[in-house]
Ligand code: SAJ
């Protein structure tokens, strides 16, 4: 294949198209535009396209530098958005960054968005283009799904007529730009040449290691690194109820355990949310053959998924200690985002807790300073409630006026899902205090 693509990448004349302008696609489009490439972003929603072309950032929450960078690259004419796939025909590099959720029952990816993007791209794919999948995908997807769809819809052959790469994203809400610039990436090529070309391309925005590998290795690295984190968190979430059962404080024990070399016990808590950790372990094992029996991954997921229900159990017990029945009790849920100081509510553990409390007959109100529908004065919101359940380590909860909250509650009960408060201090302040991994029984 003629290789003037390398020259176009080096001198930044290569037209870049980014398919999918969400948490992954938008920041990466802006960074390549800032680096000097002409970038077109494609998104299905005309409203969002119009917003982006006005230089307005559609992503809420604290994303340092993103809104300013977007406004700048749009005003300089380096980046524009559209709903039309025609710009793919002139593209030399196409990045695909669409969501890859798993079915809540089968735990398998349907890839509807990915299949749609690949099909539309295939019909507009030109010879000599480099296609990069940034989405997180199950190991084996590049060869079993991506390659066949692109070849069938374009009539072109991978490695003969176009380059194909998997370079998994490394985003985290609140650090979108920083993570792209600073996190190492694996660069999986359908050919070594494709991987090398992609490394030349990403070197324009990534200041960390770019490791050339094959596609299967790249798919395994990304899903395995997040499955590893999920298992680590699950261990902590098994130790918390154990310590409650034994009448010990898992938070103090965790700190002492981590004094041992090579220990890094993670934080137990009210649940594991977000768009990566709850999903990627299922992607990791999705294409394993029947000869492989996954045991640790599903068990870890079950442990973590149970934590919001554990929070409901603690709430019932705390209310009982104060002589209040969960049925008819007014419960305030503090925090709805999945991560502290973020507005991101994807796979929110609080959603599971709210559903469970309502099933038990409680009247639930939700507060979250970052989520528009749950914003409001904290003390006003807890006024008249029988319990306040803290689900997220938002700074506003860590710094809240405990005397004011105690006086506003009808029954002074706090259930602590993130180890924020000191049990002794809470009890001397007059609260019935229960927490994940805490010494909850007063006997
Ligand atoms: N959580 C715990 N205990 C912990 C750590 C996290 O309960 O010890 C919970 C959080 O409250 C949250 C969920 O797990 O609900 C996920 O937290 P996270 O810190 O993993 O945040 P994410 O989901 O944004 O994870 C992303 C991932 N990065 C990428 O996929 C590129 C993850 O692999 C990173 O470790 C994480 O960002 C990060 O810390 O950068």
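None of the figures in this text is laboratory data; all of them are computed from the coordinates on show. A quick note: this is a predicted structure, and the numbers were derived from the prediction, not measured. Heads up, the Cβs are rebuilt from the backbone with ideal geometry, glycines too, and the neighbour counts pull from every protein chain shown.
Taking label positions 7 Å along the Cα-Cβ direction at both residue 56 and residue 302, the computed distance is 4.8 nm, reported to one decimal. Along its first, second and third principal axes, ordered by size, the stretch 2-213 spans 47, 40, 33 Å in Cα coordinates.
How do 352-361, 133-142 rank on mean C-beta neighbours within 10 Å, highest first?
Going by the mean number of other Cβ atoms within 10 Å, highest first, we get 133-142, 352-361.
Only beta bridges with both residues in the chain are counted; by DSSP, about 5 percent of them are antiparallel. Above 20 Å, the calculated P(r) of the stretch 67-137 contains 45 percent of its Cα-Cα pairs. Against the chain, whose longest principal axis is taken from its Cα atoms, helix 349-359 shows a tilt of about 50°. For the peptides 227-236, 147-156, the ranking by packing is 227-236, 147-156, with the highest mean count of neighbouring Cβ atoms within 10 Å listed first. Once the Cα atoms are used to define both axes, helix 192-202 deviates from the longest principal axis of the chain by about 70 degrees.
Taking label positions 7 Å along the Cα-Cβ direction at both residue 425 and residue 68, the computed distance is 3.5 nm, reported to one decimal. The C-alpha atoms of the stretch 297-435 occupy a region whose extents along the principal axes are 42, 29, 27 Å, arranged from largest to smallest.
Listed peptides 106-115, 329-338, 263-272 appear in the order 329-338, 263-272, 106-115 once ranked by packing, highest mean of other Cβ atoms within 10 Å at the front. Dimensions of the chain along the principal axes, based on C-alpha atoms and rounded to the nearest Å, stand at 77, 52, 39, largest first.
Grab the DSSP H runs of the chain that are 4 residues or longer, score each as -39,500 (n - 2.57), total them, divide by all residues and round the 222 nm result to the nearest 500 deg cm²/dmol.
My calculation for the chain gives -12000 deg cm²/dmol from helical runs alone.
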